[in-house]
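The values are calculated or read from the model by the stated rules, or taken from the named source; none is laboratory data. Being a predicted model, the structure only gives us computed values, none of them experimental. Cβ sites come from the backbone with ideal geometry, for glycine too, and all protein chains shown count toward neighbours. Note: areas computed on protein heavy atoms with side chains; ligands, DNA, RNA excluded. Shrake-Rupley method; radii C 1.70, N 1.55, O 1.52, S 1.80 Å.
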Amino acid sequence: MNRSRIQKVEDSIVYLPQVTSMGVIGDPGCEGLGTYNMKVYAGALEKSAEDDITLIAGDLVPIGNQHYYEEISDLTEIIAHNDVYVLRGNHDTGDYQDYFGRKNYALLAGDFSVVVLDNAMRTFEQEGLDLLEQVLAMEKVRQVIITFHIPVPNHFIRNSVSEEEFARLREIYVPWKDKVKYLLCGHVHSRFEDVVDGIPLICTGGGGALIEDVSEDIRACDVEHHMVHFYMENGVLSYRFDNLTENSYDKERKNSILKENLEKTVAGELLAHLKYLMFADRARRRGMDKIANLFEALAASEYHHARNFYSVIENPAPYRESVKGFVPGEEFEHQHSYKMMEKYAGEKSAPLTGQAYAGAAAAEKVHAGLLKEAADMDHFEKDTIYVCPICGYVMAGEYIPERCPVCGGPKRQYEVFSAE
């Protein structure tokens with residue numbers, strides 16, 4: 001029988017003398033357990049394989065009921081390569097203890113210790129503070145990480161516990177402050193490093209949830225999904241962040257049968273998305289807004305299905321390199337493949353097919369030009385983009401024609417995409 005990876009903690013102090021490193025994953029599931037998010041979490045579990053144990057720094061699930069705990073537990077058991085311990089987050093409600101055991105506990109590794117405190121309700125439980133005092137008082141304990149979900153007051157965000165709560169925590173560790181090497185938290189869907197009361201504070205919430213802006217200096221566009229490794233180096237407890245590329249988990253993409261069927265499924269879902277949108281247009285033109293609304297909703301659902309299936313097999317370049325990677329495909333279409341198909345359609349007396357390819361080729365040429373500009377992401381200045389809904393031609397710039405230069409569609413029908 002295979003040994004369970006997820007550890008249900010029964011004792012307040014767990015002795016792990018052989019452990020010399022720990023991977024930390026923050027906030028994998030608070031925004032839902034969809035495949036798109038879980039691919040990030042799966043990648044984090046793969047990265048954490050280089051560590052002896054893994055700690056989830058809270059918000060394993062969107063809400064703490066049996067369904068979500070079962071789903072995340074099953075996924076974790078299949079992918080994890082080492083023992084996984086869990087810290088309770090504000091989303092980890094309800095049945096948490098049935099699955100993960102104690103909310104306050106300590107891991108005593110070979111050369112460092114981790115004291116896990118529950119502050120999911122923005123207060124530190126007295127049980128946890130008493131345990132912290134007990135561990136810090138141990139003579140053999142020399143290097144300690146105090147970890148909790150919601151940050152203590154810091155220089156970056158106000159989304160923290162109160163100063164009064166921090167004072168309760170501080171009162172416990174002050175007599176042994178020299179032993180406390182790090183304060184570690186999650187909750188914030190980003191990452192930052194600070195110094196609080198002279199102790200390094202590490203905030204990591206990049207294990208699956210959508211990355212958010214923290215401040216003017218820490219923007220979502222500058223932060224990748226990530227995890228943290230803690231390890232001993234020359235007798236000193238150290239750490240490093242490890243960014244998670246969108247290729248961190250590729251096991252299922254490498255299965256040729258899965259990949260082929262996922263590709264077919266993506267194509268089917270996107271075709272259904274298009275069919276439903278086109279039917280919604282027909283219904284709306286006939287004044288049947290309720291029917292149109294239904295089919296627009298169904299189309300959105302099919303798109304999200306397609307995105308989830310595609311996320312399993314997607315193999316993207318690093319984000320900042322991605323835009324320029326789309327240019328060759330657009331250029332090939334307007335320079336070669338679409339022209340070829342337009343010519344073939346003309347030879348076969350298929351004027352509608354030829355017209356569709358000619359219109360699309362004109363748009364693809366504009367796409368390539370815009371993508372080349374957008375490759376320099378920080379200096380891309382196009383605030384408003386217009387798309388002709390009749391043929392798909394794209395327009396940007398100061399002068400926008402009253403009629404689409406490809407099909408003659410009126411300006412009043414253009415779809416407007418504005419970043420302002």
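When we screen Tyr96, Tyr105, Tyr41, Tyr68 for residues that are open to solvent by 10 Å² or more (accessible area, probe 1.4 Å), among the hydroxyl-bearing types (Ser, Thr, Tyr) and touching a residue at least 24 places away in the same chain (Cβ under 8 Å), the only hit is Tyr68. When Pro401 is tested against the conditions (1) of a type outside the set (Lys, Arg); (2) farther than 18 Å from Phe417 by Cβ; (3) surrounded by fewer than 17 Cβ atoms within 10 Å (Cβ to Cβ), the lone failure is (2). Filtering segment 318-330 for residues that are surrounded by 14 or more Cβ atoms within 10 Å (Cβ to Cβ) and more than 29 Å from Val40 (Cβ to Cβ) leaves an empty set. Considering the conditions (1) loosely packed, with under 15 Cβ neighbours inside 10 Å; (2) in contact with a Gly (Cβ under 6 Å, 6 or more places away or on another chain), Gly205 is excluded by exactly one of them, (1). Pairing each residue of segment 281-308 that is among the β-branched types (Val, Ile, Thr) with any residue that is not in a helix (DSSP H, G or I), provided the two are 6+ apart or on different chains, yields no C-beta distance under 6 Å. The single condition among (1) part of a helix (DSSP H, G or I); (2) open to solvent by 60 Å² or more (accessible area, probe 1.4 Å); (3) under 22 Å from Asn37 (Cβ atoms) that His336 does not satisfy is (3).
For every residue, the table says whether it meets (1) of a type in the set (Ser, Thr, Tyr); (2) open to solvent by less than 30 Å² (accessible area, probe 1.4 Å); (3) within 19 Å of Cys30 (Cβ to Cβ).
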{"position": "Ala120", "(1), (2), (3)": "no, yes, yes"}
{"position": "Gln126", "(1), (2), (3)": "no, no, no"}
{"position": "Leu132", "(1), (2), (3)": "no, yes, no"}
{"position": "Met138", "(1), (2), (3)": "no, no, no"}
{"position": "Arg142", "(1), (2), (3)": "no, no, no"}
{"position": "Phe148", "(1), (2), (3)": "no, yes, yes"}
{"position": "Val152", "(1), (2), (3)": "no, yes, no"}
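Within segment 231-253, can you find the residues that are among the β-branched types (Val, Ile, Thr) and either open to solvent by less than 60 Å² (accessible area, probe 1.4 Å) or modelled with pLDDT of 90 or more (or both)?
Here is the first cut: in segment 231-253, the ones among the β-branched types (Val, Ile, Thr) are 236, 245.
Val236, the sole residue that qualifies.
Candidates in segment 369-388 are the residues that are farther than 25 Å from Phe332 by Cβ and either without any contact (Cβ under 8 Å) to a residue 12 or more places away in the chain or in contact with a helix residue (DSSP H, G or I) (Cβ under 7 Å, 6 or more places away or on another chain) (or both); of these, the one that is least open to solvent (accessible area, probe 1.4 Å) is Asp378. Suppose the filter is open to solvent by 60 Å² or more (accessible area, probe 1.4 Å), within 31 Å of the chain's Cα centre (by Cα) and aliphatic (A, V, I, L, M); does Leu352 pass it? No; evaluated as a whole, the condition is false for this residue. Do we find a residue being open to solvent by 20 Å² or more (accessible area, probe 1.4 Å), in contact with a Gly (Cβ under 8 Å, 6 or more places away or on another chain) and either outside any helix (DSSP H, G or I) or among the basic types (Lys, Arg) (or both) anywhere in segment 176-184? Within segment 176-184, one or more residues are open to solvent by 20 Å² or more (accessible area, probe 1.4 Å), in contact with a Gly (Cβ under 8 Å, 6 or more places away or on another chain) and either outside any helix (DSSP H, G or I) or among the basic types (Lys, Arg) (or both). Scanning segment 288-345 for residues that are of a type in the set (Val, Ile, Thr) and modelled with pLDDT under 85 yields one hit, Val323.
Selection of segment 290-317 for residues being closer than 15 Å to Phe279 by Cα and either open to solvent by less than 40 Å² (accessible area, probe 1.4 Å) or outside any helix (DSSP H, G or I) (or both) yields Ala292, Ala299, Glu302.
Residues that are under 21 Å from the mean Cα position of the chain (by Cα) and closer than 27 Å to Ser190 by Cβ: find the helices (runs of 4 or more DSSP H) completely inside segment 51-158 holding 1 or more of those. Walk me through it before giving the result.
Working: elements: 66-79, 96-100, 126-136.
Ranges flagged: 66-79.
Can you find even one residue in segment 22-33 that is part of a helix (DSSP H, G or I) and either within 14 Å of the chain's Cα centre (by Cα) or farther than 30 Å from Asp111 by Cβ (or both)? No, because not a single residue in segment 22-33 is part of a helix (DSSP H, G or I) and either within 14 Å of the chain's Cα centre (by Cα) or farther than 30 Å from Asp111 by Cβ (or both). Within the bounds of segment 212-219, is there any residue that is under 14 Å from the mean Cα position of the chain (by Cα) and surrounded by fewer than 18 Cβ atoms within 10 Å (Cβ to Cβ)? Among the residues of segment 212-219, at least one is under 14 Å from the mean Cα position of the chain (by Cα) and surrounded by fewer than 18 Cβ atoms within 10 Å (Cβ to Cβ), which makes the answer yes. Reported count of residues in segment 74-96, each being at pLDDT 95 or above and in contact with a Phe, Trp or Tyr (Cβ under 6 Å, 6 or more places away or on another chain), is 2.
Which of the residues that make up segment 17-37 are surrounded by fewer than 24 Cβ atoms within 10 Å (Cβ to Cβ) and modelled with pLDDT under 95? Talk me through it step by step, then tell me what you get.
Our first condition is that a residue be surrounded by fewer than 24 Cβ atoms within 10 Å (Cβ to Cβ); within segment 17-37, this holds for 17-21, 31-37.
Those that are surrounded by fewer than 24 Cβ atoms within 10 Å (Cβ to Cβ) and modelled with pLDDT under 95: Glu31, Gly32, Leu33, Gly34, Thr35, Tyr36, Asn37.
Being closer than 21 Å to Ser248 by Cβ and modelled with pLDDT under 95 is true for just one of Val228, Val223, Val214. Which residue is that? The unique qualifying residue is Val223.
Close contacts from segment 406-420, counting a first residue that is free of Cβ contacts under 8 Å to residues at least 12 places away in the same chain and assigned to a strand (DSSP E or B) and a second that is surrounded by 11 or more Cβ atoms within 10 Å (Cβ to Cβ) and not aromatic (Phe, Trp, Tyr), with Cβ to Cβ under 7 Å and a gap of 6+ residues or different chains, come to Pro410/Arg403.
Considering every residue within segment 280-287, establish whether at least one is open to solvent by 80 Å² or more (accessible area, probe 1.4 Å), under 30 Å from His91 (Cα atoms) and at pLDDT below 95.
Within segment 280-287 (the criterion being open to solvent by 80 Å² or more (accessible area, probe 1.4 Å), under 30 Å from His91 (Cα atoms) and at pLDDT below 95), the answer is no, since none of the residues qualifies.
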